[in-house]
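Encoded as structure tokens, the structure appears first; notes follow it.
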Amino acid sequence: MRDKTNKYAIHEEARYGTDHRWKAGRAYGSKKHVRVATDCSPDASGQYVIKGPQFDGYKSVKRFQDEVMGMKRLTDAGTAGVLPLTDSSMTETELWYVMPKAKPLAEHLKNASFDEVVHAFATLADTLSGLTAIPSPVSHRDIKPDNLFWHQEGPVLADFGIAAWADSEWDLTADGNKIGPMYFLAPEARYVVHGIDWTKADVYSLAMTFWSIAAPRQESNGKTTVHVPPPGPVLRSQQQFSMYWFGGEDAAALDLLIERATAFNADDRPTAAEFGDELRAWLALYPGRHTPPAPVAEKNGRGLEYLRRVLEQLDTYQRDFLGVIRSECEVAVGPVKWDETVSVDFEPRGKSGFDDQPRSAAIMDEHGRYEDDEWDGSFVLALRHRDDLKRLVVGGLVDHTGTVDLVTEYQERVDGRWQLLVAGTDAALPINRLTTRKDIREAIAAALEAATTPLTRNDDERGWIGERVL
């Protein structure tokens with residue numbers, strides 16, 4: 001079905017570019033705004049991807065235009081370590097760019113030795129360092145496994161959709177918004193505030209991504225389990241997170257670097273150049289092929305079993321949080337008709353909602369760029385009034401330590417489009433406390449007060465429909 005709400009949507013089988021060079025194909029993964037593309041010019045070869053803005057709102061369009069202009073500048077300058085832009089268009093009716101279809105770095109390194117992973121991330125550190133040294137410096141701000149690829153025999157960065165371009169006149173993401181996925185996000189960047197050193201935040205994300213890609217993958221029933229440490233500093237004293245588990249005793253020599261790179265205080269982290277220098281020094285000091293040590297009986301919580309326990313704890317807290325917000329929503333609006341998606345076990349990513357839009361589209365831009373991101377601990381519900389003109393969004397980012405960053409929004413449909421009337425955020429609320437339940441109740445009430453017409457509670461019928469959107 002064609003996306004009638006986004007005038008810049010990339011449509012399957014449509015042709016784009018000069019002489020209709022590019023033919024858009026199937027969606028690339030679960031994102032309809034990214035599609036595989038065929039080069040229809042004579043003697044063409046290679047595989048490509050065409051990407052347009054996910055939404056056509058002012059902020060999304062301006063963000064995408066900045067990305068296109070920045071990527072074109074990097075490509076024209078021959079910037080090493082960045083997936084290049086092949087073609088682009090920015091007109092009143094078309095907004096897109098084409099790039100090579102590259103292999104995800106995690107997939108390329110799936111069966112690689114630990115030292116091959118180290119070498120790849122030393123190169124990526126050089127790329128980050130180089131991006132800060134060019135005439136118009138840029139910070140990526142969204143480094144994670146999904147945005148790293150293998151192209152022309154080397155690792156590259158891609159997806160600069162929320163990058164900080166030095167010459168941009170646009171505040172891409174307003175204060176208080178989440179930037180990037182929680183598990184790879186520097187502590188100071190969980191919610192944007194002015195004055196963040198994004199070069200040091202990128203180093204934190206690079207270190208966490210290095211750890212995640214170095215960790216052995218586990219295959220079960222056709223699915224791959226990818227590990228990542230809980231958010232926050234990865235300390236040497238936390239032996240369950242030691243690089244030893246990925247490359248043996250020699251690899252443990254990098255534990256100090258990972259601790260420094262993930263330090264809570266950004267000033268204590270190395271620069272990208274220093275991070276790369278340390279990785280290259282390790283390669284010189286410990287030559288040869290390094291692989292994970294032979295399995296041994298785990299002691300004192302060591303090994304990846306600890307991570308499985310962390311995920312189990314996260315699941316428990318998500319279930320507790322779900323119970324609280326369901327209850328408090330009904331306190332505020334009366335009985336709700338909850339559909340089958342309102343469950344911890346339901347996976348909303350990559351699925352459309354009632355209006356054939358990505359479920360995460362129910363969360364407006366003022367709370368950051370929410371995409372089909374498997375890495376964060378998001379759990380968000382959206383309640384639609386039966387007149388289909390009002391929407392309440394309640395949820396947040398659940399942490400394995402038992403806290404939640406609460407998000408509340410109230411929206412109304414005007415001329416066929418949802419408009420955000422109010423948005424609120426409360427950080428690090430302990431889930432299983434009565435004070436937090438009180439905070440959630442007050443936040444929902446404050447959101448509903450933004451209604452243009454007073455909302456009346458009706459206990460005799462279910463006037464709202466609830467679904468999980470993230």
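The values are calculated or read from the model by the stated rules, or taken from the named source; none is laboratory data. These numbers come from a predicted model, not from an experiment. Glycine gets a Cβ as well: all are built from the backbone with ideal geometry, and neighbour counts include every protein chain shown. In case anyone asks, the SASA skips ligands and DNA or RNA and just uses the protein heavy atoms, side chains included. Shrake-Rupley method; radii C 1.70, N 1.55, O 1.52, S 1.80 Å.
Before moving on, here are some points about what is shown:
- Positions within segment 12-47 being part of a strand (DSSP E or B) and either of a type in the set (A, V, I, L, M) or open to solvent by 40 Å² or more (accessible area, probe 1.4 Å) (or both), in sequence order: R15, K23, A24, R26, A27, Y28, K31, K32, V34, V36, A37, T38
- Count of segment 86-123 residues, restricted to those that are surrounded by 20 or more Cβ atoms within 10 Å (Cβ to Cβ) and free of Cβ contacts under 8 Å to residues at least 24 places away in the same chain, is 1.
- Enumeration of residues in segment 394-426 that are in contact (Cβ under 8 Å) with a residue 60 or more places away in the chain and within 14 Å of G377 (Cα to Cα): G395, G396, L397, V398, D399, H400, T401, G402, V404, D405
- Qualifying residue in segment 212-224 (condition: of a type in the set (G, A, S), modelled with pLDDT under 85 and either surrounded by 16 or more Cβ atoms within 10 Å (Cβ to Cβ) or outside any loop (DSSP other than H, G, I, E, B) (or both)): yes
- Boolean, A133 is open to solvent by 40 Å² or more (accessible area, probe 1.4 Å), out of contact with any strand residue (DSSP E or B) (no Cβ under 7 Å at 6 or more places or on another chain) and closer than 22 Å to E278 by Cα: yes
- Applying the condition of being more than 18 Å from the chain's Cα centre (by Cα) and part of a strand (DSSP E or B) to segment 152-211 and asking which residue is modelled with the lowest pLDDT yields W165.
- Scanning segment 334-348 for residues that are at pLDDT below 85 and either open to solvent by 40 Å² or more (accessible area, probe 1.4 Å) or over 20 Å from the mean Cα position of the chain (by Cα) (or both) yields D345, F346, E347.
- Lone qualifier among E371, E412 - being of a type in the set (D, E) and at pLDDT 90 or above: E412
- Close Cβ contacts (under 9 Å, 6 or more residues apart or on different chains) running from residues in segment 454-470 that are farther than 16 Å from E409 by Cα and among the small types (G, A, S) to residues that are in a strand (DSSP E or B) and open to solvent by 10 Å² or more (accessible area, probe 1.4 Å) comprise G463/K337; G463/H385.
- Of all residues in segment 430-470, exactly one satisfies the criterion of being at pLDDT below 85 and either open to solvent by less than 20 Å² (accessible area, probe 1.4 Å) or under 17 Å from V380 (Cα atoms) (or both), namely L470.
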